[in-house]
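This report refers to the structure that appears directly beneath it.
The values are calculated or read from the model by the stated rules, or taken from the named source; none is laboratory data. Since this is a predicted model, take the numbers as computed values, not measurements. Neighbour counts are summed over all protein chains in view; Cβ atoms, including those assigned to glycine, are modelled from backbone coordinates with ideal geometry.
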Amino acid sequence: MSDILYTSTRSDTEKITSAQAIIKGIAPDGGLYVPERIPVIDLPFSELVKMDYRQLSLYIMSKFLTDFTHEELDFCISHAYDKKFDNALIAPLVKVGKMFFLELYHGATAAFKDMALSVLPYLLTTALKKSDIKKEIVILTATSGDTGKAALESFSDVAGTKVIVFYPDGKVSPIQERQMTTQEGINTFVCAIEGNFDDAQTAVKNIFSDRDFNERAEKMNYQFSSANSINIGRLIPQVAYYVYAYLRLMQAGEIVEGEEINVVVPTGNFGNILAAYYAKEMGLPIRRFICASNENNVLYDFINTGVYNKNRKLKLTASPSMDILVSSNLERLIYDLCERDSSKLAGLFESLSKTGTFSIDESMMDKLVSFWGGYATETQTFEAIGQAYRDHKYLIDTHSAVGYYVYKDYLESTSDRTKTVIVSTASPFKFPGSVLKAINEDFSVNKNLDEFEMLSKLSEISGIKIPKSLEGIGEKQILHDSVYSIGDMKQFIARVLGL
């Protein structure tokens, strides 16, 4: 089997290795790197089921990252999935009633972003060595809450790198903000921006394509890259946990080899559900992708109408990591829907840039048949947390609750009783105020505790220990307090780098 090369979604003139794509992060034309073909799973599931999470990750990632040696990938994976995770299974699948929750929050920052961002620094530094690049890599990342902390934690004090994170001021949870602003590491930099996540994400993507600014950085021996899921090195590791969930269902006797499953994914930036789509393209028997949105339901509208329209007011919700109107990774799916026609895709996204909307044609819409979109209101999100706790004594966060509610809606709307995995994306302790309000009516009127004191209260009421990564976070010293306007983000980067 030949090596897999990577090309931009917006032009097919350049073909590069996975190492080069990981280093660049985003293509010079503003497109996202995609593999020229999706590799296939070539071992029977009855063999794969014997693998632990690290072994399976090595198998899946080696299919995509063909220019990395077995030894290089093994080094990256073994160092990523180590004692930073508080569960030896890394991504345990938990049966709750007749449902199955894939818990992806047992890493260093208590959110699913750890699953990929734990390995990305090792992939990146290995790629640099392979490419004989001597420049210092500067990771530029916009975050809606969780990616920022996971990137900071993963790249902290990694030689040859700096990591700069932008987050929307006042639009992430207090716990998420404190995780970022207390981050240690001589190479870590955090800046709040006056705007929303979409503003920050667009600005970061524009910086990548700003030739003059990039040339200034290169003269100082810097090269920009990304830790967002626009970086293919962030996306590929996520494919593994969908295969892993399937194998755990097999191991538990819940399904037989070859039986189809559904997946429910709380979705904002579309990367997590896209990883499931890539898993299906590899041969994993997924019947339906259930895309769960909060009240910022732009993806729900797109899946149901074929029209993507960001011309609406961003709503601040109890699930802030999904408060997104421009879902970057959707571009990779659109690329497949239009049969990898880069000029057609470029036209759609030019329309999105100029008018805030685009529509896909009937042939593309037909290929969306495996996707089902649903959304939960704020009230429904809180009801879902309460119901899961009352009925099953199972504690879920606000994002996972969106997935839980949408799955219940799916069951009521269809006759499909396919075994289903609900992706649980964050620890409930990252959003203690919202979770407490949902499970304890008396607490909803208690105004005496701050978000950090609520951690202890939630632990007391539920009997569940606070994750180590969140213990004492309210007492940690704030090390990053910069606030800049969207227009001054380059100025902040220039100050950090001495440009």
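Yes/no per residue for (1) modelled with pLDDT under 95; (2) part of a helix (DSSP H, G or I); (3) in contact with a Ser or Thr (Cβ under 8 Å, 6 or more places away or on another chain); (4) not charged (D, E, K, R):
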residue: ASP42; (1), (2), (3), (4): no, no, no, no
residue: LEU56; (1), (2), (3), (4): no, yes, no, yes
residue: ASP67; (1), (2), (3), (4): no, no, yes, no
residue: ASP86; (1), (2), (3), (4): yes, no, no, no
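Within region 309-316, the presence of a residue that is at pLDDT below 95, over 27 Å from VAL369 (Cβ atoms), of a type outside the set (D, E, K, R) and in a helix (DSSP H, G or I) is excluded.
Restricting attention to region 203-228, the residues that are surrounded by fewer than 17 Cβ atoms within 10 Å (Cβ to Cβ), polar (S, T, N, Q) and closer than 27 Å to LYS310 by Cβ add up to 3. Scanning region 82-102 for residues that are on the phi < 0 side of the Ramachandran plot and either crowded, with 22+ Cβ neighbours inside 10 Å or in contact with a Leu (Cβ under 6 Å, 6 or more places away or on another chain) (or both) yields ALA91, LEU93, PHE100, PHE101, LEU102. The residue list LEU411, LEU436 contains one member that is under 22 Å from LEU249 (Cα atoms) and free of Cβ contacts under 8 Å to residues at least 60 places away in the same chain, which is LEU411. Of the candidates HIS399, HIS392, the single residue that is surrounded by fewer than 19 Cβ atoms within 10 Å (Cβ to Cβ), touching a strand residue (DSSP E or B) at 6+ places or on another chain (Cβ under 7 Å) and touching a residue at least 24 places away in the same chain (Cβ under 8 Å) is HIS392.
Pairing residues of region 129-141 that are among the charged types (D, E, K, R) with residues that are in a strand (DSSP E or B), at Cβ distances under 7 Å and at least 6 apart in sequence or on separate chains, gives LYS135/TYR222; LYS135/GLN223; GLU136/THR161; GLU136/LYS162; GLU136/TYR222.
Listed by first and then second residue, the pairs linking a residue in region 183-200 that is among the polar types (S, T, N, Q) to a residue that is modelled with pLDDT under 95 and assigned to a helix (DSSP H, G or I), with Cβ atoms under 6 Å apart and 6 or more places separating them unless they lie on different chains, are GLN183/LEU152; THR188/LEU152.
Here region 131-155 is the region considered, the condition is being at pLDDT below 90 and surrounded by fewer than 24 Cβ atoms within 10 Å (Cβ to Cβ), and the residue that is nearest to ASP450 (Cα to Cα) is LYS135. Only one entry of LEU58, LEU73, LEU123 meets the criterion of being over 27 Å from LYS465 (Cβ atoms) and touching a Cys at 6+ places or on another chain (Cβ under 8 Å), and that entry is LEU123.
Is at least one residue of region 254-276 among the β-branched types (Val, Ile, Thr), surrounded by fewer than 21 Cβ atoms within 10 Å (Cβ to Cβ) and in a helix (DSSP H, G or I)? No, there is no match, as no residue in region 254-276 is among the β-branched types (Val, Ile, Thr), surrounded by fewer than 21 Cβ atoms within 10 Å (Cβ to Cβ) and in a helix (DSSP H, G or I). If you check PHE213, PHE189 for being aromatic (Phe, Trp, Tyr), in contact with a helix residue (DSSP H, G or I) (Cβ under 9 Å, 6 or more places away or on another chain), part of a helix (DSSP H, G or I) and more than 20 Å from TYR53 (Cα to Cα), only one passes: PHE213.
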